[in-house]
């Protein structure tokens with residue numbers, strides 16, 4: 001690959017990062033906290049490409065050292081950078097769909113490393129609690145803040161053989177470390193969710209049924225639903241623990 | 001058409017999303033890495049680096065390992081930095097490799113993430129730091145004892161420090177290192193994405209519950225998944241069916257060797273180097289993690 005083409009590829013990588021950062025599409029792949037770093041990286045890459053292009057034009061051609069044989073025969077690998085440019089700008093893969101990709105997304109575990117008192121739930125009749133937090137509170141909270149308390153949980157429909165589950169994908173850093181958090185939906189309002197296709201987003205009000213016996217990682221808590229509302233998919237498809 | 005094919009197939013769209021996740025997540029760290037390597041090209045000549053390091057090579061390696069704590073970030077950024085520090089090999093080569101292995105594993109950001117992920121097991125942080133540092137130092141010593149300069153088949157382009165302004169040297173070094181490292185990152189991200197879809201999780205979940213088998217499976221899993229070293233502690237913490245020792249192996253092996261690092265090392269140092277360095281690192285990291293784990297965690 002010639003030096004001029006390399007510069008164009010570098011410029012396009014910078015532009016693709018800039019595009020997904022500005023459009024917000026990057027939240028399908030990585031945590032939102034990376035926003036300033038992605039923006040800075042895009043600026044850096046675009047600047048490096050422009051500096052090289054403008055410098056070459058001023059000098060009236062590429063730097064002579066890059067035409068030496070030792071360096072030029074292995075730069076073909078740079079063509080691979082066309083792949084992420086195409087994937088990010090043209091294909092733009094969707095956010096992870098756990099029902100379709102179940103084997104590759106493990107369940108969030110809720111092992112009891114140690115129980116400790118959690119901060120009390122927000123006031124109100126049915127405060128919003130994220131689905132992974134419901135799992136954490138259920139097994140780790142020594143104050144039992146979920147007992148006999150109505151909460152509101154957001155997630156998507158997962159149709160299983162035994163009934164409907166409410167799911168949410170958790171990512172820590174990027175889509176490669178995604179995990180699936182889920183609750184069983186039961187109770188009077190659960191039939192409203194039963195006919196819906198997978199990946200339909202719901203807001204569910206209800207109470208968590210206390211787990212029987214010693215909590216362990218295979219247990220999935222059950223939400224006794226009293227009200228089920230269909231909602232649009234949220235802007236941030238994943239839940240981020242911090 | 002390409003877009004429809006990806007959206008139509010569950011496996012392809014998952015692979016595509018994981019590929020984007022690994023690549024996009026690595027870009028900021030790579031950018032930080034090439035800025036540092038550009039600065040090294042300008043300010044740190046091999047002679048100057050050799051003067052900073054302790055005279056005795058064995059001590060220089062230990063100093064480089066501890067110095068790794070100063071580069072906060074994950075493993076993608078440390079490969080180009082280490083390549084610059086490596087230079088022509090020579091006196092600073094072993095120290096550069098030790099730095100490359102230590103930096104992503106023992107920097108404060110990663111250690112804090114590990115402490116947060118294992119709230120009930122603070123010894124995990126100590127064990128991770130100890131085992132990773134031990135791996136890095138052993139590999140540095142091994143390189144100074146058995147390493148051969150002819151394995152390094154990829155040379156950096158000559159930087160005309162004498163004739164060019166510092167700014168041009170910086171921009172050229174950063175540009176070159178990004179293009180090289182990012183191209184190989186594409187190979188690694190694609191491999192990680194494919195393995196994510198192809199290898200069913202239940203294989204690992206069932207095999208890893210056994211202590212000895214678990215060590216082997218978790219080491220393999222660390223290589224295959226190619227997670228960022230800032231996130232791997234959370235994944236390890238979630239594998240609750242696995243005893244602590246195999247999970248420590250996962251945390252020590254992951255930042256030192258995985259499919260994307262192997263591809264990047266092959267690109268920056270040469271295939272002959274990577275084909276020897278990566279498997280050796282895998283063995284040393286697994287052994288160090290087991291040894292340190294048995295002492296610190298008591299085999300639990």
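Below is a table of values for the structure above.
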quantity	calculated
Conditions (1) at pLDDT below 75; (2) not in a helix (DSSP H, G or I): number failed by residue B:205	(2)
Residue match in segment A:143-159 (condition: free of Cβ contacts under 8 Å to residues at least 40 places away in the same chain, touching a strand residue (DSSP E or B) at 6+ places or on another chain (Cβ under 9 Å) and buried (at least 16 other Cβ atoms within 10 Å of the Cβ))	no
Test: residue in segment B:182-192 that is more than 24 Å from residue B:275 (Cβ to Cβ) and surrounded by fewer than 24 Cβ atoms within 10 Å (Cβ to Cβ)	no
Close pairs (7 angstrom Cβ cut-off, 6 or more residues apart or separate chains): touching a residue at least 40 places away in the same chain (Cβ under 8 Å) and facing chain A (nearest Cβ under 7 Å) in segment B:174-192, outside any helix (DSSP H, G or I) and crowded, with 24+ Cβ neighbours inside 10 Å anywhere	B:192/B:226
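Condition check ((1) farther than 27 Å from residue B:192 by Cβ; (2) more than 14 Å from chain A (Cβ to nearest Cβ); (3) more than 24 Å from the chain's Cα centre (by Cα); (4) in a helix (DSSP H, G or I)) across all residues:
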residue: B:4; (1), (2), (3), (4): no, no, yes, yes
residue: B:12; (1), (2), (3), (4): no, no, yes, yes
residue: B:18; (1), (2), (3), (4): no, no, no, yes
residue: B:41; (1), (2), (3), (4): yes, no, no, yes
residue: B:51; (1), (2), (3), (4): yes, yes, yes, yes
residue: B:55; (1), (2), (3), (4): yes, yes, yes, no
residue: B:65; (1), (2), (3), (4): no, yes, no, yes
residue: B:68; (1), (2), (3), (4): no, yes, no, yes
residue: B:81; (1), (2), (3), (4): no, yes, no, yes
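Residue-wise test of (1) under 30 Å from residue A:148 (Cβ atoms); (2) in contact with a helix residue (DSSP H, G or I) (Cβ under 6 Å, 6 or more places away or on another chain); (3) modelled with pLDDT of 85 or more; (4) assigned to a loop (DSSP other than H, G, I, E, B).
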{"position": "A:76", "(1), (2), (3), (4)": "no, no, no, no"}
{"position": "A:81", "(1), (2), (3), (4)": "no, yes, yes, no"}
{"position": "A:84", "(1), (2), (3), (4)": "no, yes, yes, no"}
{"position": "A:88", "(1), (2), (3), (4)": "no, yes, yes, no"}
{"position": "A:112", "(1), (2), (3), (4)": "yes, yes, no, yes"}
{"position": "A:121", "(1), (2), (3), (4)": "yes, no, yes, yes"}
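The values are calculated or read from the model by the stated rules, or taken from the named source; none is laboratory data. Predicted model, so just to flag it, every value in this text is computed and none were measured. Heads up, the Cβs are rebuilt from the backbone with ideal geometry, glycines too, and the neighbour counts pull from every protein chain shown.
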